[in-house]
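Read-outs: derived from the displayed coordinates by stated rules, not from any lab. The structure displayed is predicted, hence computed values, not measured ones. Methodologically, a virtual Cβ is constructed for each residue, glycine included, from the backbone with ideal geometry; neighbour enumeration extends over all protein chains shown.
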Amino acid sequence: MSNSYPRFMIAAPKSGSGKTMMTCGLLNAFLLRKLSCRSFKCGPDYIDPMFHKYVLNIEGGNLDTFFLEEEQVRDQFLDQAKGAGISVIEGVMGYYDGVGGDTTQASSYQVACALDAPVVLVLDCKGASLSLAAVVKGFLEYRKNSHIKGVILNRTSSVMAKRLTPVMEELGVKVYGYLPECEEGSFGSRHLGLVLPGELKGLKDQLDQLAMTLESTIDLEGLLKLARDANPLPPSHEGSKGRISRTAPEKEVLIGLALDEAFCFYYQENLKLLEEMGARLIPFSPLHDKNLPSGICGLLLGGGYPELYGRELSENKSMLLEIKKAWKRGLPILAECGGFMYLHDQLETKDHKTYSMAGVIDGSVFPTERLLRFGYIEVFPREDTLLLKKGESIRGHEFHYWDSTNNGTYMEAKKPGRKKSWDCVHGKGNLLAGFPHFYYPSNPELPKRFVEACKGIRELGK
C-alpha cells in the first residue's frame, strides 16, 4: 500500500538544539527542489509556525495531544497534509518532555506515536562528541518504540561528523549529515522565544544560504526516502471533535481580526474553525489603522507583543476610541493575552513607562521579573458567560511575563495533573477577555457561540 502522507519529525533532546532552524532550512531546501511541502509544530507555540510560513508562504498547523485526543490530532494532520509531497513536523522542547515535566503527554514523542512518524533527532554537538552516542542510546531505549530513525549533527565540523557517524550508526540510527557552526544557522530570540520573522533583516537570504549549506552537508535524498517509507495512516474519523461541517451556504458574518506587529499570535485551527462556522475574518491593525473595518459585528484580539509598542498603540487614539465604542454598543469581543492587555486602562512597558490603552477593563498591566503562569491549563467557568457555560471547559495555554491588577474572576484555570488553580478572565456581557490562549477545537461551542453572537449583532443592525 503506497504512502500518501510522506512525513518525518525533527526533534531534539532539549530546547535550543536548533530544531526551528533545521526545520526551516530543510523546508527551504525541499522547496528549491520543487517539492510541495507542509509544515507542522508540536505543542502550543505560535512563533515557530510563523517561521515555517515565512518559508512556505502558506499556513502551517499545531499538533497538540493535550488540546486534543491522539486520533483527533491525526485527523488534523490528514486534513492539512493531504496532497503534500512531504510534511515536516517540528517537535517541541525535548523529545520526551510533556505536561508537568514528568510525563510524555503532549510531548513530541506522543505526537510521533499518533502520526506513526519517523523521527530525526537534531543533536547540538557544541562542547560534546562521543558522549552524544550515549544520549542517543538512552533516547532509543527510553521507550520500546521510540520512532527515532536518525540524527543530524548540529554545530560540528565535517571531520568530527565523519568520526561520529559509524559510532552513531552502530546504535541502529542513520546519520543524515551535519551542519557546521555558521551565521545562517541561528535566529535571534527574546522573552517569548524567537524574534518574529519580519524583524530579522535579510532572513530570506539567510534561509537561502542555509538551504545551500544543507544541500552539501545533509542527505536530503535519504530524508525524502525516510518520509516516503513511513507507514500508511488510517483514514480520518468523520465527526471528530473540533471538526465542523457547514451544511448549507449562508451569508458570512464579518469579524475584525487584530493582525500586525503587536497582535499576531493565533492558532490557525482556531481561525479555520471560525471560518467554517460562518465567520469572515477581516484583518486590521490597532497599530496603523485609524478605524475599525466597516461592517464588522465582532472583534478578535489575539496575543502578541503590545508591550513592545506601548507608545504607538497609545498614540493611535482614534482606534482606541473606536474599540471602546464598539464594546459599549454590544459588539462581542474575544481577547486573549496581548489583546487582553490592550483592553486595560493602562499598559506599563519594560522600561517602566506607562501608556493609556482602550479602557475597556479597569486596571493596568505591568512587567514582572519572571515568567508567569506558564504552561497548559484547562479553564472552567464559574458562571455562564457569553461563550462558555458553567459545567463546561476549554483547554488552552499561558505564557507571559506581564501581569494585570485585574485578571478577572469569571473562570478558574487549573494546571493538568497539579492542584494549582487561579481565577482568570472577564466574562461579563459581550466581553470574554483574559490571559489564557484558548484552543477552540478542544471545545467548539466557544467559537460557535461567538459567531452566533456576532450574527445576532448583524441582525440587530448595530
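In table form, for the structure just shown:
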{"item": "Fewest-first ranking of Tyr5, Tyr96, using other Cβ atoms within 10 Å as the exposure measure", "result": "Tyr96, Tyr5"}
{"item": "For the chain, Cys with no neighbouring Cys Cβ under 4.7 Å", "result": "Cys24, Cys37, Cys42, Cys113, Cys125, Cys182, Cys264, Cys337, Cys424"}
{"item": "Prolate/oblate/rounded label for the stretch 252-316 (Cα gyration tensor, a/c 1.5)", "result": "oblate"}
{"item": "Packing-based order for 118-124, 286-292, 174-180, using average beta carbon neighbours within 10 Å, highest first", "result": "118-124, 174-180, 286-292"}
{"item": "Least to most buried among Arg395, Arg74 (fewest other Cβ within 10 Å first)", "result": "Arg395, Arg74"}
{"item": "Residue-averaged 222 nm ellipticity for the chain, from DSSP H runs of 4+ at -39500 (n - 2.57), nearest 500", "result": "-9000 deg cm²/dmol"}
{"item": "Between the stretch 282-332 and the stretch 1-37, the Cα center-to-center distance that results, in Å", "result": "37"}
{"item": "Listed peptides 369-379, 398-408, 326-336, 36-46 by packing density, highest first (mean Cβ within 10 Å)", "result": "36-46, 326-336, 398-408, 369-379"}
{"item": "Under-5 Å amide H pairs with Asn62, H placed in peptide plane, nonlocal only", "result": "Lys41, Gln268, Glu269"}
{"item": "Long-range HN-HN contacts of Val175 with modeled amide H, under 5 Å", "result": "Val151"}
{"item": "Label point at Ser4 placed 7 Å out along Cα→Cβ; residues across the stretch 83-117 whose backbone nitrogen lies under 19 Å", "result": "83-88, 115-117"}
{"item": "Packing-based exposure ordering (other Cβ within 10 Å, fewest first) of His352, His437", "result": "His352, His437"}
{"item": "Rounded Å value of the spacing that divides the Cα centres of the stretch 366-437 and the stretch 51-120", "result": "25"}
{"item": "Antiparallel bridges, percent of DSSP beta bridges restricted to the chain (to nearest 5)", "result": "40"}
{"item": "Virtual spin-label span in nm between Arg370 and Glu71, 7 Å along Cα→Cβ", "result": "4.2"}
